[in-house]
1. Looking only at the stretch A:8-32, which residues are within 14 Å of chain B (Cβ to nearest Cβ) and either at pLDDT below 80 or more than 34 Å from the chain's Cα centre (by Cα) (or both)?
2. For the stretch A:211-223, which positions are more than 8 Å from chain B (Cβ to nearest Cβ) and surrounded by fewer than 23 Cβ atoms within 10 Å (Cβ to Cβ)?
3. Among what's in the stretch A:91-101 and is surrounded by fewer than 23 Cβ atoms within 10 Å (Cβ to Cβ) and touching a residue at least 12 places away in the same chain (Cβ under 8 Å), pick the residue that is nearest to the other protein chains (Cβ to nearest Cβ).
4. Run down B:32, B:52, B:20, B:16 and say which single residue is within 8 Å of chain A (Cβ to nearest Cβ) and more than 30 Å from residue B:329 (Cα to Cα).
5. For residue A:140, work out the one condition from (1) surrounded by fewer than 20 Cβ atoms within 10 Å (Cβ to Cβ); (2) facing chain B (nearest Cβ under 7 Å); (3) in contact with a strand residue (DSSP E or B) (Cβ under 9 Å, 6 or more places away or on another chain) it doesn't fulfil.
6. When you scan the stretch A:264-283, how many residues do you find that are without any contact (Cβ under 8 Å) to a residue 60 or more places away in the chain and either assigned to a helix (DSSP H, G or I) or in contact with a strand residue (DSSP E or B) (Cβ under 9 Å, 6 or more places away or on another chain) (or both)?
7. Assess whether residue A:246 counts as being more than 8 Å from chain B (Cβ to nearest Cβ) and over 15 Å from the mean Cα position of the chain (by Cα).
């Protein structure tokens with residue numbers, strides 16, 4: 001490995017190269033004071049350079065064994081880990097089926113759809129569902145909800161939380177018949193208390209919150225889902241510089257992916273739709289362009305099919321492409337019933 | 001928060017100086033660069049850059065709240081739990097109490113369906129004293145198309161809240177709380193939005209109405225909706241942040257335009273419906289396209305279908321899509337039925353304006369003639385409200401009373417000769 005790739009400042013790198021140190025091995029046997037003298041820098045600076053260099057050369061070393069590269073994992077280990085992972089249910093069995101059991105942890109899932117299809121509803125539902133206790137097959141985690149559009153409705157979250165608590169009690173009663181004792185002592189208010197809500201008003205704040213999440217989640221380890229509703233909004237309105245937009249978006253996607261991996265949580269981002277001229281006609285497509293569409297692991301599109309709402313798996317490395325109906329009811333996201341009954345809200 | 005100064009973020013002195021020397025003064029500028037760009041630009045190591053960025057992000061990031069705290073705050077601090085009741089029982093129930101504070105609510109509908117009537121009623125409601133279910137505050141009404149009519153508004157007031165408006169001086173006080181702005185160009189509009197931002201802090205403004213948003217935006221870009229070439233300009237963002245931070249409801253109206261083909265309503269993976277009746281069956285869609293539609297939180301569609309007007313909750317995060325039949329009487333907009341009908345699928349976003357096609361008469365005129373409201377006839381009432389100058393006018397919702405809005409309100413006897 002060469003000195004040019006060390007994460008040190010450009011002027012220090014320049015000094016190193018000028019003094020003839022081009023490879024890491026040439027730095028390995030130096031003492032800090034020698035280096036300081038030769039580069040004409042302070043002792044502490046030289047020490048820093050050597051620290052960075054030794055760290056990097058250790059990464060570089062290829063000594064056999066299980067993990068050849070630092071941080072790498074064999075596919076077999078990954079398989080085991082994946083099997084242990086729990087998924088976050090969407091409360092709609094059909095949707096869970098095509099998603100392979102629900103929203104996956106450690107992955108970034110993008111969900112898009114036309115206005116009014118139920119994106120925010122799904123977001124709120126997931127923020128509530130992530131809190132289903134482990135005894136009942138949930139994750140018992142907390143949720144971070146990043147709202148860029150101001151569409152998060154606390155009243156609606158309460159409705160969904162209430163319905164969810166009722167469902168949990170009912171499910172628990174079923175379980176208890178099989179002599180398993182566990183008490184549901186969650187209240188709707190507790191569910192609301194575990195949703196950390198960030199209201200974002202500009203793309204800078206969006207960038208800031210995503211970098212800050214790293215620190216926030218390391219302080220709140222029980223956060224199991226991060227919901228960004230929607231990623232598009234600020235990037236769509238006040239952007240002239242498209243190159244900057246692409247760069248920022250891909251940076252953001254990387255950070256989110258990193259979060260998902262490091263803290264073992266699910267990241268769900270919502271996207272808006274736009275119309276695109278394809279094959280001689282205008283068609284709907286998710287916004288933010290083609291380069292963005294590479295950044296998410298899974299992509300789900302919500303759409304109208306006749307009178308029903310459907311979800312379609314547009315992209316996923318592990319799931320086959322399929323679609324399933326769902327419906328938005330007073331209780332939240334549920335299975336689509338063919339006989340649409342009016343569900344009273346109050 | 002994006003404009004926070006880096007030198008005030010408590011970074012180590014040397015880092016703060018480096019940022020200042022490279023002319024990166026705000027969080028926005030710093031966060032628009034990647035780590036490596038910053039390393040090159042500032043000439044410092046990775047560790048310093050990332051710790052500085054972490055610090056900047058932390059400061060620039062707005063504080064979080066739990067959803068519970070959010071709810072408690074709204075219930076405690078705001079009248080009616082953060083909603084402006086519309087006085088339409090069914091609609092209020094569906095919206096958990098009315099038009100919510102802090103979000104953008106949009107009214108879409110064909111010309112003459114009653115959008116302006118609805119806006120005027122809302123303005124009145126917001127200005128009413130709290131004891132009568134109002135918000136007891138001022139209203140800013142941005143009237144882009146010069147449709148606001150103070151006479152009509154007073155009439156609605158007198159009819160729907162007789163006990164308040166018959167009190168001496170109350171009509172004047174209520175009407176005095178409604179400030180009408182008439183910007184004639186986009187620059188004036190932006191200017192008035194800025195004025196409003198200032199006014200919101202000082203005055204007790206409880207509602208902002210923009211009638212109509214289409215007129216504002218279509219002034220700049222001719223062809224909207226089909227392509228993604230919508231105005232890049234962020235006037236409506238101003239609207240949203242306005243609503244959010246002052247926690248007041250913002251109501252905007254949107255016009256309709258006709259669309260001949262089913263352009264852009266399917267994804268590429270969807271099978272094209274073959275029996276698609278190509279051609280002459282044009283239908284109405286909201287004038288501002290899909291990009292705009294994403295930014296409104298609640299969309300109410302007003303439409304007319306086989307002689308009956310309906311108000312539909314086409315997009316709302318808190319209720320199913322419901323349709324309520326309504327009519328417009330002397331007392332303003334009122335529901336015929338408080339128990340809405342739930343809509344399915346494509347019906348939700350369709351906008352009908354049936355009468356219009358029949359005889360080429362303005363839609364409202366026809367409705368009024370066919371179905372005179374049970375109480376005092378609307379048409380008659382309109383004729384008694386002939387402007388005092390005696391000019392002849394067209395009797396359609398929008399242009400009646402136009403030139404007379406800013407005159408002093410005539411005494412009651414003049415409004416009701418009977």
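1. Across the stretch A:8-32, the qualifying residues are A:11, A:12, A:13, A:14, A:15, A:16.
2. Residues of the stretch A:211-223 that are more than 8 Å from chain B (Cβ to nearest Cβ), as a first pass: A:213, A:217-223.
A:217, A:218, A:219, A:220, A:221, A:222, A:223, listed by residue number.
3. Selected residue: A:98.
4. Among B:32, B:52, B:20, B:16, only B:32 is within 8 Å of chain A (Cβ to nearest Cβ) and more than 30 Å from residue B:329 (Cα to Cα).
5. (2)
6. Result for the stretch A:264-283: 7.
7. yes
Quick grid of which residues meet (1) more than 27 Å from residue B:266 (Cα to Cα); (2) touching a helix residue (DSSP H, G or I) at 6+ places or on another chain (Cβ under 7 Å):
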site: A:257; (1), (2): yes, no
site: A:262; (1), (2): yes, no
site: A:280; (1), (2): no, no
site: A:283; (1), (2): no, no
site: A:288; (1), (2): no, yes
site: A:292; (1), (2): no, yes
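The values are calculated or read from the model by the stated rules, or taken from the named source; none is laboratory data. Computed from a predicted structure; not experimentally measured. So basically every Cβ, Gly included, is an ideal-geometry build from the backbone, and we count neighbours across all protein chains shown.
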